[in-house]
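The next block holds one structure in the form of structure tokens; read it before the comments.
The values are calculated or read from the model by the stated rules, or taken from the named source; none is laboratory data. Being a predicted model, the structure only gives us computed values, none of them experimental. Glycine gets a Cβ as well: all are built from the backbone with ideal geometry, and neighbour counts include every protein chain shown. In case anyone asks, the SASA skips ligands and DNA or RNA and just uses the protein heavy atoms, side chains included. Shrake-Rupley method; radii C 1.70, N 1.55, O 1.52, S 1.80 Å.
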Amino acid sequence: MTSISEKLRQTYSGIFGHQVLLRSRRKNTVLTIEPVKNSKTYTEGQERVKDRFRNGASWAKKILQNPDLYELYLAKARDGKTPYQVALTDYLRPPKILMIDTANYTGAAGEEVIVSAVDDVMVMQVEVAITGANGVQVEKGVCTRSQFGNFWTYVATVGVETTGLTITAWATDIPGNKAEAHVTM
């Protein structure tokens, strides 16, 4: 036997009489008052946040139309979250660089710099730049993803003195958010 709320949920949704809003979410039906439009003026910072959420919502809707990306976000959806929510969160939250490991880098060509980077969904690319003590960039390139988790390897192509050397890493996720970290030797 079907309950009254089940019949309502299957048949109706929306605002009734400009007073009551009927919403359905995960097999639950909720009756609430009609939302009131806000006539408040927002600060510049609040407007930027609203724009970021609006752009994130548009991006998430667009991404979910791509079957490959939809499957990726669906696989990451847990604890009652939808792929849309995961995509929106991914848009709003940049990746993180956890570590730039220079333990095996002495400034010689062919040596490795290891970067550990994580994201809610996936880090797409990691880049490294090596800058001398004088502020001049010595080299820059894309890292190779390691088969061991969230590690990326950059192999230096130029030999350089390491005193005062700065190594900068950038991690980019699917929405194009970038994280940046530096290590000075």
- Select from the range 39-60 the residues that are open to solvent by 100 Å² or more (accessible area, probe 1.4 Å) and either over 17 Å from the mean Cα position of the chain (by Cα) or over 18 Å from residue 177 (Cβ atoms) (or both) and list them in ascending order. 39, 40, 41, 44, 48
- From (1) small (Gly, Ala, Ser); (2) modelled with pLDDT under 85; (3) surrounded by 12 or more Cβ atoms within 10 Å (Cβ to Cβ), pick out the condition that doesn't hold for residue 14. (3)
- Taking the range 61-108 only, how many residues are within 16 Å of the chain's Cα centre (by Cα) and closer than 30 Å to residue 184 by Cβ? 6
- Among residues belonging to the range 115-150 that are within 22 Å of the chain's Cα centre (by Cα) and of a type in the set (D, E, K, R), point out the one that is nearest to residue 164 (Cα to Cα). 127
- When only residues in the range 160-185 that are aliphatic (A, V, I, L, M) and in a strand (DSSP E or B) count, which is surrounded by the most Cβ atoms within 10 Å (Cβ to Cβ)? 171
- Query: Which number in (1) under 30 Å from residue 131 (Cβ atoms); (2) in a helix (DSSP H, G or I) marks the one condition that residue 99 misses?
  - Reply: (2)
- Of everything in the range 131-159 that's surrounded by 15 or more Cβ atoms within 10 Å (Cβ to Cβ) and in contact with a Gly (Cβ under 9 Å, 6 or more places away or on another chain), which residue is nearest to residue 106 (Cα to Cα)? 156
- Just checking, which of 84, 105 is surrounded by fewer than 18 Cβ atoms within 10 Å (Cβ to Cβ), in contact (Cβ under 8 Å) with a residue 12 or more places away in the chain, of a type in the set (Phe, Trp, Tyr) and not in a strand (DSSP E or B)? 84
- Task: From the list 163, 153, pick out the single residue that is on the phi < 0 side of the Ramachandran plot and modelled with pLDDT under 95.
- Result: 163
